[in-house]
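Nothing in this text is a laboratory measurement; each read-out follows from the coordinates by a stated rule. Worth saying up front: this structure is predicted, and the values here are computed from it rather than measured. Neighbour counts are summed over all protein chains in view; Cβ atoms, including those assigned to glycine, are modelled from backbone coordinates with ideal geometry.
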Amino acid sequence: MKTLLKGGIVVSGGGSAQLDVLVDGEKIEQVAEHILCADANVVDVTGKLLFPGFIDAHTHFDLDVCNTTTADNFDTGTRSAIRGGTTMVIDFACPNKGESLQYGLDLWHKKADGRSSCDYSFHMTIDDWNDEIKAEVPKMFEQGIPSFKMYMTYPAMMIGDKDLFYALEEIKKYGGIAGVHCENAGVIDALIEQHKADGKLAPGSHPECRPNATEAEAVAHLLRICEVADTPVVIVHLSTKEALAEVMAARARGQKVYVETCPHYLTLDESGYYEADFRKAAGYICAPPLRTKDDQNALWKGLYNGAIQTVSTDHCSFTLEQKEAGRGDFTKIPGGLPGVETRGVLLYTFGVATGKITKEKMAEVLSENPAKLYGAWPRKGAILAGSDADIVVYDPEADTTIKGEDMLSEAKYTPYDGMRTRGSIAQVYLRGKLAVEHGEVKIGAAGTFIPRTTGTL
Ligand SMILES: [Zn+2]
């Protein structure tokens, strides 16, 4: 059965135009003005925007962390994702230190296969370096995993400079890329010690122990290591204007640096940590922390002028009950926010509708660029003949209000509660199937693993 989406505005990074989209099975067959097709089911999408299915290149589902497990697994996390227009997630396979990469990859397949409502892939976390791990790197590429993740902080996952350097060199041999979590672990630890000694144990201490400079220092540090290794790199969840300045300095030296930021750094600020209600404040705890309005403005500007290439969520959800673990000690609050369901509508509302970015830029940073950077293009991230028929039908007139109780995430709250949106998602198609209509998820575990090749952004 063919489906013909008629009368919508097809949006891509290169421009927008009123075009019909003919879908045959799982693929887009044709994109053109006035398509006629007698045997197609015609869907009138006049006045709607058609975005390529959003790709969230930064999620953490079913992750054991902070002495607990994330509220969302692949079942609930991907249902929440597709409801928000995300037709593919790239989660982080995360073997513990001492475990092999293959063990981590097999484990993440077990968590995701047959349970996901959107398509998916994994980045491979490297938190150890030795001859065995080194020998496994090419085997990851063979299994469709060309991207990796390393941490400059968190004792359970952090990798020292020497191993980071070796890993970057090895990944480069095969044309892959690494994303790195950049925060200065030592200084943060010292500030935490001082805050604890002073009895400052409330959530408000969280941003005070992770000031902007601790991110900027780590970004600068990483980028000098990449300069020596002569490798490109992705700065994940960049949150400060100072860190972005370090990226611009590295680019001026001729380095290739990609930047990801997240909706929460674009729309929320650190004032939430000082809410009198512990649960409310704890609900905002993530690392890097929420910053200032000044940082928000720098990030929007970075998106507008192309300094920032992607917006992913870093969805790492905990219920407010789980966050209670840190009442009386802010360092024990599980860190991470739910967000996989709200990314598209937030980017449209606070970016496109306010004129901070264009709708074409939104398509670029949510769909096209992650597909290109992480080797899924043009199967994903494009409304082109031959691409997977992953399509978000956005109704720019159907305003709504974001409410925690409406979310499908098991976090059961949203940091964006009460925000009024400009427009909302009318339908989502996943490989030609109508997956979401007016907020209702109409498919089961229809998602599949998408093997990727080396990227081309
Ligand atoms: Zn993350």
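How do I82, I9 rank when sorted from fewest to most other Cβ atoms within 10 Å of their own Cβ? Write down the numbers at each step before the final one.
Numbers: I82 33, I9 18.
Exposure proxy ranking, most exposed first: I9, I82.
A straight Cα-to-Cα reach below 16 Å connects K332 with the aspartates and glutamates D64, D189, E193, E208, E321, E324, residues fewer than 8 places away in its own chain not being considered. Here the extension length gained between K301 and E33 equals 93.1 nm, from 0.36 nm per residue of separation less the Cα-Cα distance. Between K293 and N130, the FRET efficiency estimated from the beta carbon spacing at R0 = 45 angstrom works out to 0.50.
Applying 1/(1 + (r/R0)^6) with R0 = 41 Å to the Cβ-Cβ distance of V187 and T401, what FRET efficiency is obtained, to the nearest 0.05?
0.55
Label-to-label distance, D44 versus T354, with points set 7 angstrom from Cα along the beta-carbon direction: 3.5 nm. Within the set of other residues whose C-beta is less than 13 Å from the C-beta of E193, count the net charge using Lys and Arg as +1 and Asp and Glu as -1. My count for the surroundings of E193 gives -2. The orientation-averaged projection of the convex hull spanning the C-alpha atoms of the chain amounts to 19.6 square nanometres.
Straight-line reach from K403: which lysines have a Cα under 16 Å away, not including same-chain ones fewer than 8 places off? Qualifying lysines at Cα under 16 Å: K280, K412.
Which trypsin sites (Lys or Arg not before Pro) from region 245-278 combine a DSSP loop assignment with at most 14 other Cβ atoms within 10 Å? The partial results should precede the final answer.
Working: sites: R251, R253, K256; in loops: R253, K256.
Answer in residue order: R253, K256.
Compared with the dominant principal axis of the Cα atoms in the chain, helix 131-142 is inclined by about 10°.
Net charge in the neighbourhood of G98 (other residues with Cβ under 10 Å of its Cβ; Lys, Arg +1, Asp, Glu -1) is -2.
Reported to the nearest whole Å, the Cα centre-to-centre distance from region 360-384 to region 63-85 is 23.
Below 12 Å, Cα to Cα, which aspartates and glutamates can K149 reach? Residues fewer than 8 away in the same chain don't count. Leaving aside aspartates and glutamates fewer than 8 places away in the same chain, those within reach of K149 are D91, D127, D128. Return one number: the angle in degrees, 0 to 90 and rounded to the nearest 10, between the long axis of the Cα atoms of helix 241-252 and the longest principal axis of the Cα atoms of the chain. Approximately 80 degrees, to the nearest ten. Let's test this: bin the Cα-Cα distances of region 9-102 at 5 Å from zero up to the farthest pair and state each bin's percent. Reading upward from the zero bin: 3, 10, 15, 16, 14, 11, 9, 8, 7, 5, 2, 1.
For region 172-209 and region 263-338, compute the distance between their C-alpha centroids and round to whole Å. Distance between centres, Cα-based: 14 Å. Placing unit charges on the Cβ atoms of the charged side chains and taking the dipole of region 274-396 about its Cα centre, the candidate lying farthest along the positive direction among A307, I357, Y394 is A307. Which FRET efficiency, nearest 0.05, do V228 and A385 yield, Cβ-Cβ r, R0 60 Å? FRET efficiency, V228 to A385: 0.85.
Any of K380/K442; K172/K301; K134/K361 with alpha carbons more than 28 Å apart? Name them for me. Could the numbers behind the result be given before it?
Numbers: K380/K442 21 Å; K172/K301 30 Å; K134/K361 38 Å.
Violating the 28 Å limit, Cα to Cα: K172/K301; K134/K361.
Here the sum of -39500 (n - 2.57) over DSSP H runs of 4 or more residues, divided by the residues of the chain, equals -8500 deg cm²/dmol at 222 nm, to the nearest 500.
Tilt of helix 212-229 relative to the longest C-alpha principal axis of the chain, in degrees (0 to 90, nearest 10)? It is inclined by approximately 80 degrees.
Electrostatic tally near P52: other residues with Cβ closer than 15 Å to its Cβ, Lys and Arg +1, Asp and Glu -1, net +1. Distance between the pseudo-spin-label points of A276 and K173 (7 Å out from Cα toward the beta carbon): 6.1 nm.
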